[in-house]
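In what follows, a structure is listed as structure tokens, so that the remarks can point back to it.
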Amino acid sequence: MTDGATAKGEQTRELILSTALRLFREQGYGKTTMRAIATEAGVSVGNAYYYYGSKDHLMQAYYDLLQHQHREAVESVLATETAFVPRMVGVLRAWLDVAAPYHEFAGTFFKTAADPRSPLSPFSEESRPARDASVEIFRRVVDGSDLKVPAELRSELPELLWLLQMGIVLFWVHDQSDDVRRTRTLIDRAVPLVDRLLRLTRIPGVRGVTNDLVGLIRSVKP
């Protein structure tokens with residue numbers, strides 16, 4: 001395939017995805033069909049299916065796009081901050097900023113993603129690439145910070161911080177305050193609390209409980 005054909009194919013792929021995301025915002029995920037996406041994008045239905053086998057594949061592409069944008073958005077804070085709290089707050093707030101255009105349809109989409117059997121679940125095997133990319137961001141948050149925690153906990157911490165983000169995302173989905181002010185407040189107040197709790201794990205009397213907690217986490221992981 002020539003470079004020109006490759007570039008045109010990539011443009012078509014991006015057009016279909018951007019059109020789909022716009023229709024998801026305007027009509028809702030459930031009501032938007034692949035045929036409607038193809039028509040709006042000005043491509044054949046067959047062409048739309050060539051690039052994306054289903055709406056689920058489109059949403060997986062959205063996951064990947066969101067993670068790519070988030071990774072770029074956090075570079076400045078990770079490059080300049082070494083204290084755990086501003087690194088973590090900056091990363092979580094950056095996610096709110098890149099996800100903001102999709103907040104309107106997040107509630108409708110969440111109904112599908114919340115089904116544990118759905119490939120769109122953030123915990124599904126299909127979502128693993130986006131999930132792993134997000135966990136890697138939190139690994140960078142920890143590794144480049146001043147946070148000192150027991151080694152056993154440190155190895156599990158990036159995934160635990162990702163789970164914290166999932167809880168914040170759920171809160172964000174239901175947040176109808178201006179500029180999701182309540183979610184921003186939640187981040188600003190929860191992260192310092194997490195920081196204090198994590199630093200307590202270095203106290204000798206607490207380390208036994210920490211080891212038990214790490215053991216529990218590892219025992220229930222798939």
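Key figures for this structure:
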read-out: Stokes-Einstein D for segment 73-112, Kirkwood Rh over Cα pairs, 25 °C, 0.890 mPa s (µm²/s); value: 216
read-out: The chain, relative contact order [Cα under 8 Å, separation at least 6], %; value: 18
read-out: Value at 222 nm in deg cm²/dmol, rounded to 500, when DSSP H runs of n ≥ 4 in the chain each add -39,500 (n - 2.57); value: -25000 deg cm²/dmol
read-out: Kirkwood Rh in Å, taken over the chain so that all alpha-carbon pairs contribute; value: 19.3
read-out: Cα-centre dipole for the chain with unit charges at Cβ (Lys and Arg positive, Asp and Glu negative), debye to 20; value: 540
read-out: Long-range amide H partners of S145 with built H, under 5 Å; value: none
read-out: Probe 1.4 Å, protein heavy atoms only - accessible area per residue of segment 4-75 in square angstrom; value: 52
read-out: Rounded D (µm²/s) - segment 84-162, Kirkwood Rh over Cα pairs, Stokes-Einstein at 10 °C, 1.306 mPa s; value: 112
read-out: Segment 112-189: trypsin sites (Lys or Arg not before Pro) in DSSP coil with no more than 13 other Cβ atoms inside 10 Å; value: R117, K148
read-out: Whole-Hz couplings from phi, Karplus 6.51/-1.76/1.60, listed for segment 37-52; x for Gly and Pro; value: 4, 4, 4, 5, 7, x, 10, 6, 4, x, 5, 4, 6, 5, 7, 9
read-out: Helix 204-220 vs. the chain, principal-axis angle (Cα, 0 to 90°, nearest 10); value: 30
read-out: Acute angle (nearest 10 degrees) that the helix 84-99 long axis makes with the longest principal axis of the chain, alpha-carbon atoms; value: 20
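The values are calculated or read from the model by the stated rules, or taken from the named source; none is laboratory data. Treat the numbers as computed from the prediction; the structure is a model and nothing was measured. All Cβ positions, glycine included, derive from the backbone under ideal geometry; neighbour counts span all protein chains shown. Just the protein is used for accessible areas: all its heavy atoms, side chains included, with ligands, DNA and RNA removed. Shrake-Rupley method; radii C 1.70, N 1.55, O 1.52, S 1.80 Å.
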